[in-house]
Amino acid sequence: MSVTKTLDFSKCFYELVQQNLELLNDLDNAIGDGDHGSNLLKGLEYFKVTHQTKSYTSEAEIWKDLAMSFLAKVGGASGPLYGSAFLAMAKVVGVQNFGEVLVTGSNQIKVLGKSDLNQKTMLDVWIPATSLYQAQKLTVAKIDELVEKTKLIPAIKGRASYLGERALGHIDPGSYSTGLMFKAILQAGL
């Protein structure tokens, strides 16, 4: 992994969220408050604007600045969840292989969100996508399959859990954005 690839990841993630902004908000509107995409974009734009002239010497610095951007600018649950995952990842990137760095991120989300697999959260994509990444079998098609599967998962955690059965049939917006994150990882060659 390199500084250049990590910066490429941040750019790819920004572009994917920007391109899918309306869809992310629509997905969130169905089972949440309708601002998931807008909130993520705020954090990514803040990182892009405030850090574009910074000279990074390590991947850890980038992950830390991404984390702080999410913690400072992204509302709802997404800011703290992505922010703390990225911060935990910053502490181990360069020390562990990137698959283990991703595991560290998902473990942080589990702790903070008091959640796990099969609860209609971002972990329903993050955990299996990480396993596929570690096995060198992660593809865009596999990411899309994982995201699509969240339609079938009952919402146990998050705002969607208040909808009960009515959340079935809807893609979890956090899982969709996590899918975009993993697509950005692939695009950047991390």
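Quick test for you: out of Leu21, Leu7, pick the one residue that is of a type in the set (A, V, I, L, M, F, W, C) and buried (at least 17 other Cβ atoms within 10 Å of the Cβ).
From the options Leu21, Leu7, the qualifying one is Leu7.
So which residues in region 105-126 are surrounded by fewer than 19 Cβ atoms within 10 Å (Cβ to Cβ) and either under 16 Å from Lys151 (Cα atoms) or out of contact with any Pro (no Cβ under 7 Å at 6 or more places or on another chain) (or both)?
Correct list: Asn107, Lys110, Val111, Lys114, Asp116, Leu117, Asn118.
Being exposed (fewer than 15 other Cβ atoms within 10 Å of the Cβ) and under 19 Å from Ser78 (Cβ atoms) is the filter here; which residues of region 127-160 pass it?
The answer is Ile156, and nothing else.
Among the numbered conditions (1) over 17 Å from Leu16 (Cβ atoms); (2) free of Cβ contacts under 8 Å to residues at least 60 places away in the same chain; (3) not β-branched (Val, Ile, Thr), tell me where Leu81 comes up short.
For Leu81, the exception is condition (2).
Residue by residue, here is whether (1) at pLDDT below 95; (2) over 26 Å from Leu163 (Cβ atoms) holds:
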site: Ala30; (1), (2): yes, no
site: Gly34; (1), (2): yes, no
site: Gly37; (1), (2): yes, no
site: Tyr46; (1), (2): no, yes
site: Thr50; (1), (2): yes, yes
site: Leu66; (1), (2): no, yes
site: Gly76; (1), (2): yes, no
site: Leu102; (1), (2): no, yes
site: Val147; (1), (2): no, no
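Could you please find all residues in region 57-80 being farther than 17 Å from Gly174 by Cβ, of a type in the set (S, T, N, Q) and surrounded by 14 or more Cβ atoms within 10 Å (Cβ to Cβ)?
Result: Ser58, Ser69.
Of all helices (runs of 4 or more DSSP H) completely enclosed by region 78-156, which ones contain at least 2 residues that are farther than 21 Å from Gln187 by Cβ?
It comes to 78-92, 98-113, 123-134.
Among the candidates Lys54, Lys48, which residue alone is part of a helix (DSSP H, G or I), basic (Lys, Arg), surrounded by fewer than 21 Cβ atoms within 10 Å (Cβ to Cβ) and out of contact with any strand residue (DSSP E or B) (no Cβ under 7 Å at 6 or more places or on another chain)?
Residue meeting the stated conditions: Lys48.
Taking region 62-77 as the region of interest, how many residues are part of a helix (DSSP H, G or I) and in contact with a Lys or Arg (Cβ under 8 Å, 6 or more places away or on another chain)?
Residues that pass the stated criteria total 2.
Scan region 11-27 and tell me whether some residue there is assigned to a helix (DSSP H, G or I) and more than 24 Å from Ile171 (Cβ to Cβ).
Among the residues of region 11-27, at least one is assigned to a helix (DSSP H, G or I) and more than 24 Å from Ile171 (Cβ to Cβ), which makes the answer yes.
The values are calculated or read from the model by the stated rules, or taken from the named source; none is laboratory data. Every value quoted in this text rests on a predicted model; they were computed, and no experiment measured them. Don't worry about glycine lacking a Cβ; one is built from the backbone with ideal geometry, like all the others, and counts go over all protein chains shown.
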